[in-house]
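J.: Okay, here's the structure, questions in a sec.
Any read-out appearing in this document is the output of simple, stated calculations on the displayed coordinates, not a laboratory observation. Small disclaimer: the values here were computed from a predicted structure and weren't measured. Don't worry about glycine lacking a Cβ; one is built from the backbone with ideal geometry, like all the others, and counts go over all protein chains shown.
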Amino acid sequence: MEKKIPLTIDGRAVQGRAGQTILEVARHSGIFIPTLCYMDRTTKVGACRVCVVEVEGARTLVASCCMPISPGMVVRTDTPKVQAAQRMVVELLWSSGDHNCLTCERNGSCELQDLVYRFQIEKPRFEITPPGHAKDLSNSMIQRDLNKCVLCGRCIRACNEIQVNEVLDFTRRGSRAKVGPAFETDYIDSDCFFCGECADACPVGAITLRPARFGGRPWETKKVRTTCTYCGVGCQMELNVHEDRIVSVTGNSAFGEPNLGSLCAKGRFGMDFVHHPDRLKKPLIRREKGGDLEEASWEEALDLVASRFKEIREKSGPDALAGLSSARCTNEENYLFQKFMRAGIGTNNVDHCARL
Amino acid sequence: MAGLAAAFGSGAMTNSIAELEYTDCILATGTNTTENHPVIGAVVKRAVRQHNTKLVVIDPREITLTKYADIWLRQKPGTDVAVLNGLMNVILAENLSDKAFVEGRTENFEAFRQVVEKYTPEFVEKISGVPAEDLKRAARMYARAKRASILYSMGITQHTTGTDNVKSVANLSMLCGNVGIEGGGVNPLRGQNNVQGACDMGALPNVFPAYQQVAAPEVRAFFEKAWGVQTLPGKPGLTIMEIMNAAHHGDIKGLYIMGENPMISDPDLSHAEESLKKLDFLVVQDIFLTETARLADVVLPSASFAEKEGTFTNTERRVQRVRKAVGSPGEALPDWEIIARIATRMGYPMAYGNAREIWEEIRKVTPSYAGISYKRIEREGLQWPCPNTEHPGTRFLHKERFTRGRGLFSAIEYLPPAELPDEAYPMILSTGRVLYHYHTGTMTRVSKGLSERYSESLVEINPEDASRLGIDDGRTVRLTSRRGSVRAKAKVTGRSPVGTVFMNFHFREAAVNLLTNPALDPIGKIPEYKVCAVRVEAA
Ligand code: SF4
Ligand code: SF4
């Protein structure tokens with residue numbers, strides 16, 4: 001058994017493991033500490049200082065996301081000093097960007113907005129001075145408005161440490177710092193793979209999924225968890241549905257294996273087909289050889305299929321019929337398909353395109 | 001699949017995706033993982049960058065993974081068996097094998113050893129072009145790792161020697177005692193979302209669900225009872241390529257195709273088209289009017305994955321839920337409902353109220369799935385085998401014993417691809433996929449974002465070949481094989497080795513399968529998509 005380390009947070013006796021941070025132990029014990037730059041599974045950077053706490057004996061406030069626990073540590077997360085410091089950070093972030101929630105896609109799902117609300121800030125003490133970056137509307141998948149960026153660096157860590165695509169970085173330093181692909185190019189001209197991990201990582205409206213723009217507010221949108229329909233990884237994903245349409249696809253690390261919240265360009269941006277106008281909507285039949293395919297009722301189409309299959313079986317035997325099932329369909333459908341071919345028709349001529 | 005089943009008794013991925021991140025060595029061969037299984041690609045890259053995992057890549061193309069690799073072996077297309085035998089030759093010569101494992105858990109080692117003896121690094125260099133020294137380094141890296149995992153995909157299977165290739169991969173893993181341990185194994189990455197499930201469910205000519213042989217009378221008796229029929233056919237049926245050929249000969253008269261588009265994915269498309277046209281009756285059930293559907297007598301509109309309930313089984317044997325998010329357009333119906341209606345009309349009633357009822361039946365006849373209920377996989381999927389509702393699922397296979405008992409070594413000689421370059425067709429064509437598109441393009445090409453990023457088929461050609469042929473980047477070229485000819489734009493890039501061009505099969509207007517060779521692997525019956533001979537010229 002690993003040795004537990006005892007400490008006190010807000011007067012409560014809690015325990016943690018060696019190497020854990022104050023933040024991790026607090027979260028595990030159900031004690032809330034606000035964060036912004038912190039992101040699970042990536043380097044702890046302690047950049048935003050929203051998570052500061054008081055530690056007895058320390059001269060200054062410490063970033064709880066980076067500070068490892070030690071035995072007997074006494075931590076306070078809610079003193080006036082802590083609250084004032086956290087509030088200051090939030091006010092500075094607010095004032096240094098263009099945070100106009102009226103037109104922001106993340107209104108209602110924005111971590112900065114949540115912090116402003118939590119700290120009950122009516123207005124920042126500082127003058128609002130957005131940096132005036134041009135928006136990146138270079139492609140229809142990922143949209144960037146760096147005037148809303150809080151420089152938490154989560155997108156950079158998502159791209160480098162989770163997807164390991166190594167596209168994003170800070171491109172300038174200091175007060176003019178900016179996140180993005182090398183040489184400050186737009187996404188479309190960069191080596192970006194459009195996995196969208198950066199958009200899922202962004203806590204605010206700086207990097208967003210473009211297809212979702214004006215596609216429904218978060219509280220009007222239904223999230224349906226499902227399995228991706230493309231490759232064999234079987235990523236777990238959320239289809240965000242508004243008025244019976246899929247408006248965007250997001251990952252969710254809480255879904256666990258196999259993908260821990262990651263997706264690729266296909267799963268993320270490849271769902272337009274579901275609502276494409278060319279989708280088949282009615283059965284079609286060719287009423288005469290060489291003629292065109294014409295619309296028909298289900299009754300007519302299914303009767304025709306059944307009678308022609310029966311006819312062929314009677315004349316030439318069941319092995320004159322064959323079926324190709326589909327690696328795209330569900331298990332239930334594949335099961336039923338082969339059951340139909342074997343028990344319903346009487347042939348083992350059933351295969352699918354796995355070989356191709 | 002056939003190769004792995006022969007060696008281990010099961011054709012499925014032995015280990016799990018998550019194990020890759022913490023293993024000591026990954027050998028990736030014939031898998032362009034970052035484009036075809038991008039999220040597994042990310043796991044591999046994290047392993048290398050963050051967890052000190054060694055990476056060996058064996059691939060003729062300079063795929064993205066080569067950027068992350070410790071060693072990259074760039075073999076000539078189709079020489080995989082030689083390279084793998086070479087690795088094993090070094091391992092044996094340098095005494096790096098796991099003798100206890102070989103003795104305790106495998107059979108037929110001696111015959112295997114005799115064949116491998118011949119494949120010295122120098123001999124292999126002559127066949128494959130892989131420098132002998134690199135081969136030795138790679139062999140040591142793989143063999144010395146405590147746990148090492150092998151990843152492969154279509155680059156291994158889509159050859160006339162595909163089954164041999166897979167058996168060789170299995171040999172290598174057994175030789176170093178890497179089967180049945182966490183972080184090890186032989187891991188075929190499945191191309192399509194539910195290939196694993198379609199196979200598990202018995203959408204194959206020779207087996208019922210869970211690979212129970214149709215030829216076995218006691219198995220048939222079980223299914224006759226379960227399905228309420230007098231007799232079930234005992235003769236294994238035809239594979240997809242055999243079905244197409246039989247249709248061409250007029251022996252298959254009626255064909256029912258659900259959700260597949262062989263008119264783009266088959267090798268030798270002109271032959272495929274003729275075959276389908278010769279049918280008396282073709283039914284196609286799909287979400288779009290595909291090239292194949294256009295030839296049909298009846299087209300039935302089906303629901304997409306977002307419009308129905310059910311399950312998919314991913315490449316690591318994980319059964320996961322598919323859920324209905326939106327309604328279907330027009331009168332489209334879930335595939336299962338259409339099948340049930342046809343069956344009922346043919347006098348074999350199928351009365352299921354929903355997908356869950358079918359699932360419950362599946363659990364009764366599929367032992368490896370018996371413990372997996374919808375309820376249990378509500379939050380997280382379970383990996384088969386999962387024989388009962390207390391079973392936690394199986395992260396890796398063959399732990400104490402192989403599914404078939406002992407692991408079977410195979411003695412495999414290198415055979416060249418069926419069609420090699422000659423004077424008239426001097427270059428090799430290799431086909432595959434790209435990140436932004438999928439299979440026959442039906443779904444990805446209508447995505448605005450994806451087609452923006454990758455809008456037309458490109459022929460990747462090495463700068464040396466390009467300049468010799470007077471082809472600039474972006475220039476339209478014509479590719480001609482013995483079977484047909486297509487045009488597409490050239491992308492001049494060092495990703496393609498000298499003498500080989502690469503093209504994807506997502507674009508119907510540049511249907512590369514007009515060119516490919518339908519020569520099949522004799523056992524796996526998989527066509528040789530990775531090698532055929534072509535002529536390339538500026539058009
Ligand atoms: S979409 Fe993916 S690859 Fe592109 S910048 Fe974002 S995280 Fe990086
Ligand atoms: S999101 Fe990408 S990697 Fe994941 S299952 Fe879909 S296609 Fe595969």
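J.: Which of the lysines could a cross-linker bridge to B:Lys399, judged by Cα under 20 Å and excluding same-chain residues fewer than eight apart?
T.: B:Lys99, B:Lys146, B:Lys167
J.: Looking at chain B, send over the antiparallel percent of its DSSP beta bridges, to the nearest 5. Write down the numbers at each step before the final one.
T.: Details: 25 of 62 bridges.
Of those bridges, close to 40 percent are antiparallel.
J.: Once you've got the Cα coordinates, tell me which of A:Lys310/B:Lys225; B:Lys491/B:Lys525; A:Lys315/B:Lys235 are over 25 Å apart.
T.: B:Lys491/B:Lys525
J.: Please return the longest stretch of chain A lacking exposed loop sites, where GluC sites (Glu not before Pro) count only if DSSP places them in a loop and at most 10 other Cβ atoms lie within 10 Å. List each step's numbers first, then the result.
T.: Numbers: sites that count: A:Glu2, A:Glu56, A:Glu122, A:Glu127, A:Glu288.
Here the longest segment lacking exposed loop sites spans A:128-287.
J.: State the Cα centre-to-centre distance between the range A:163-230 and the range B:428-459 in whole Å.
T.: 22
J.: Decide, for chain B, between rounded, prolate and oblate: order the square roots of the alpha carbon gyration tensor eigenvalues as a ≥ b ≥ c, take rounded if a/c falls under 1.5, and otherwise choose prolate if a/b is larger than b/c, else oblate.
T.: Oblate.
J.: Could you tell me whether the range B:257-330 comes out rounded, prolate or oblate from its Cα gyration tensor? Rule is a ≥ b ≥ c as square roots of the eigenvalues, rounded for a/c under 1.5, then prolate if a/b exceeds b/c, otherwise oblate.
T.: Because a/c hits 1.5 or more and a/b fails to exceed b/c, the range B:257-330 counts as oblate.
J.: Still on this structure, I have one more. What FRET efficiency do you get for B:Asp472 and A:Lys223 if R0 is 56 Å and r is their Cβ-Cβ distance, rounded to the nearest 0.05?
T.: For R0 = 56 Å, the calculated efficiency reads 0.70.
J.: What number comes out for the charge environment of B:Val115, summing +1 per Lys or Arg and -1 per Asp or Glu over other residues with Cβ under 13 Å away?
T.: After counting each charged neighbour, the total is -1.
J.: Which value in nm describes the separation of the simple spin-label points at B:Arg482 and A:Lys3, placed 7 Å from the Cα toward the beta carbon?
T.: Distance between the two pseudo-spin positions: 7.4 nm.
J.: Still on this structure: Do the alpha carbons of any pairs in A:Lys289/B:Lys277; A:Lys222/A:Lys281; A:Lys266/A:Lys339; B:Lys54/B:Lys530; A:Lys178/A:Lys266 sit beyond 22 Å of each other, and which pairs? Let's see the in-between values first.
T.: On the way: A:Lys289/B:Lys277 11 Å; A:Lys222/A:Lys281 25 Å; A:Lys266/A:Lys339 32 Å; B:Lys54/B:Lys530 27 Å; A:Lys178/A:Lys266 28 Å.
The answer is A:Lys222/A:Lys281; A:Lys266/A:Lys339; B:Lys54/B:Lys530; A:Lys178/A:Lys266.
J.: Local charge sum around B:Ser481 (other residues, Cβ-Cβ under 10 Å, Lys/Arg +1, Asp/Glu -1)? Before the final figure, lay out each step's value.
T.: Values: positive: B:Arg482, B:Arg483, B:Arg535; negative: B:Asp268, B:Glu419.
Taking every Cβ under 10 Å from that of B:Ser481, the sum is +1.
J.: Which residue fluctuates most in the GNM of chain A (Cα springs below 10 Å): A:Asn100, A:Asn147, A:Asn252?
T.: Of A:Asn100, A:Asn147, A:Asn252, the Gaussian network model singles out A:Asn100 as fluctuating most.
J.: Got a sec? Charge dipole of the protein assembly as shown, +1 on Cβ for Lys and Arg, -1 for Asp and Glu; which of A:Trp94, B:Ala332, B:Gln114 is way out at the positive end?
T.: A:Trp94
J.: Can you tell which of A:Arg125, A:Arg17, A:Arg279 shows the greatest fluctuation in a Gaussian network model of chain A with Cα springs below 10 Å?
T.: A:Arg279
J.: Sticking with this structure for a sec: Using only Cα atoms, locate the centre of the range B:296-350 and the centre of the range A:65-140, then give the distance between them in Å, rounded to an integer.
T.: If you average the Cα positions of each part, the centres end up 47 Å apart.
J.: What's the average, rounded to a whole number, of partner chain beta-carbon atoms within 10 Å of each residue's beta-carbon in B:241-247?
T.: The per-residue average across the peptide is 3.
J.: Could you state the angle between the C-alpha long axis of helix A:80-95 and the longest principal axis of the C-alpha atoms of chain A, as a value from 0 to 90 degrees rounded to the nearest 10?
T.: 60
J.: For a test of the definition: using alpha carbon positions, the gyration tensor, and the 1.5 limit on a/c, classify the protein assembly as shown as rounded, prolate or oblate.
T.: It is prolate, given that a/c is not under 1.5 and a/b is the larger ratio.
J.: Calculate how steeply helix A:298-316 sits against the longest principal axis of the alpha-carbon atoms of chain A, using the helix alpha-carbon long axis, and give the answer as 0 to 90 degrees to the nearest 10.
T.: 50
J.: May I pose another question? Distance between Cα centroids, the range B:491-514 to the range B:110-160: provide it in whole Å.
T.: 27
J.: Each residue of the range B:213-221 in order: what ³J(HN,Hα) in whole Hz does its phi give by Karplus 6.51 cos²θ - 1.76 cosθ + 1.60, θ = phi - 60°, with x for Gly and Pro?
T.: 5, 5, 6, 7, x, 5, 5, 4, 4
J.: If the only charges are +1 at each Lys and Arg Cβ and -1 at each Asp and Glu Cβ, what is the size of the charge dipole of the protein assembly as shown around the Cα centre, to the nearest 20 debye?
T.: 1880
J.: Please pull out the direction-averaged projected area of chain A, using the convex hull of its alpha-carbon atoms, in nm² to one decimal place.
T.: That works out to 26.2 nm².
J.: Fully extended, how many nm does the chain gain between B:Arg363 and B:Glu218 (0.36 nm per residue separation, minus their Cα-Cα distance)?
T.: Here the answer is 50.3 nm.
J.: How do A:Ile162, B:Ile377 line up, fewest other C-beta atoms within 10 Å first? Mind showing how you got there, number by number?
T.: Details: A:Ile162 26, B:Ile377 17.
Arranged by neighbour count, lowest to highest, A:Ile162, B:Ile377 become B:Ile377, A:Ile162.
J.: Here is a further query. Considering amide H positions built from the backbone, and no H for Pro or chain starts, which residues 5 or more places from A:Val14, or on another chain, come under 5 Å of its amide H?
T.: Residues meeting the criterion, in which the H sits 1.01 Å from N, are A:Leu7, A:Thr8, A:Ile9.
J.: While we're here: Quickly estimate the mean residue ellipticity at 222 nm for chain B, helices only: each DSSP H run with n ≥ 4 gives -39500 (n - 2.57), and the total goes over all residues, rounded to 500.
T.: Details: 19 runs with 170 residues, N = 539.
It lands at -9000 deg cm²/dmol.
J.: Please report the net charge: other residues with Cβ closer than 10 Å to the Cβ of B:Asp70, K and R +1, D and E -1.
T.: Once positives and negatives cancel, what remains is +2.
J.: Could you work out which residue, out of A:Leu304, A:Leu93, A:Leu260, moves most in a Gaussian network model of chain A, that is, has the largest mean-square fluctuation with Cα springs under 10 Å?
T.: Fluctuation is largest for A:Leu304.
J.: Where a Cα-Cα gap under 13 Å defines reach, which aspartates and glutamates qualify for B:Lys278, not counting those fewer than 8 residues away within the same chain?
T.: Hits, sequence-local ones excluded: B:Asp251, B:Asp297.
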